[in-house]
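Heads up, the thing below is written out as structure tokens.
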Amino acid sequence: MRYLIVIEKTVTGYSASSPDLHGCVATASTKSEVEKLMKEAVEFHLEGLAAEGYEIPQSRSHSSWLKVFP
């Protein structure tokens, strides 16, 4: 299964979240590290949902770039 993650530059590094998995986040000092930690966070989040008997959310988010200025 694939989930969209959003990575943002912060003052101290990077943060990541998934629009389809509310509350599932990660932070790190580098982009590659936050991607790795977010993968682990998503896996842990899904395992927790399954263990508690909750339905695993389907990925419904998409992304695209919007050009605003010429």
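Starting from residues that are in a loop (DSSP other than H, G, I, E, B) and of a type in the set (S, T, N, Q), keep the ones in the stretch 1-19 and report whichever is farthest from Ser63 (Cα to Cα).
Within the stretch 1-19, the match that is farthest from Ser63 (Cα to Cα) is Thr12.
Looking only at the stretch 52-70, filter to residues that are among the aromatic types (Phe, Trp, Tyr) and within 21 Å of the chain's Cα centre (by Cα); which one of those is surrounded by the fewest Cβ atoms within 10 Å (Cβ to Cβ)?
The residue in question is Trp65.
Pick out the one residue from Ala41, Ala26 that is surrounded by 13 or more Cβ atoms within 10 Å (Cβ to Cβ), touching a Leu at 6+ places or on another chain (Cβ under 6 Å) and under 17 Å from Val6 (Cα atoms).
Within the list Ala41, Ala26, the selection yields Ala26.
For the stretch 46-58, give me each residue that is farther than 13 Å from His22 by Cβ and in contact with an Asp or Glu (Cβ under 8 Å, 6 or more places away or on another chain).
Scanning the stretch 46-58 gives a single hit, Gln58.
Select from the stretch 20-70 the residues that are touching a residue at least 24 places away in the same chain (Cβ under 8 Å) and part of a loop (DSSP other than H, G, I, E, B) and list them in ascending order.
Those that are touching a residue at least 24 places away in the same chain (Cβ under 8 Å) and part of a loop (DSSP other than H, G, I, E, B): Asp20, Leu21, Ile56, Pro57, Gln58, Ser59, Arg60, Ser61, His62, Ser63.
Here, each number is a calculation from the coordinates, and none is a lab measurement. Owing to the predicted nature of the structure, the values given are computational and were not obtained by experimental measurement. Glycine gets a Cβ as well: all are built from the backbone with ideal geometry, and neighbour counts include every protein chain shown.
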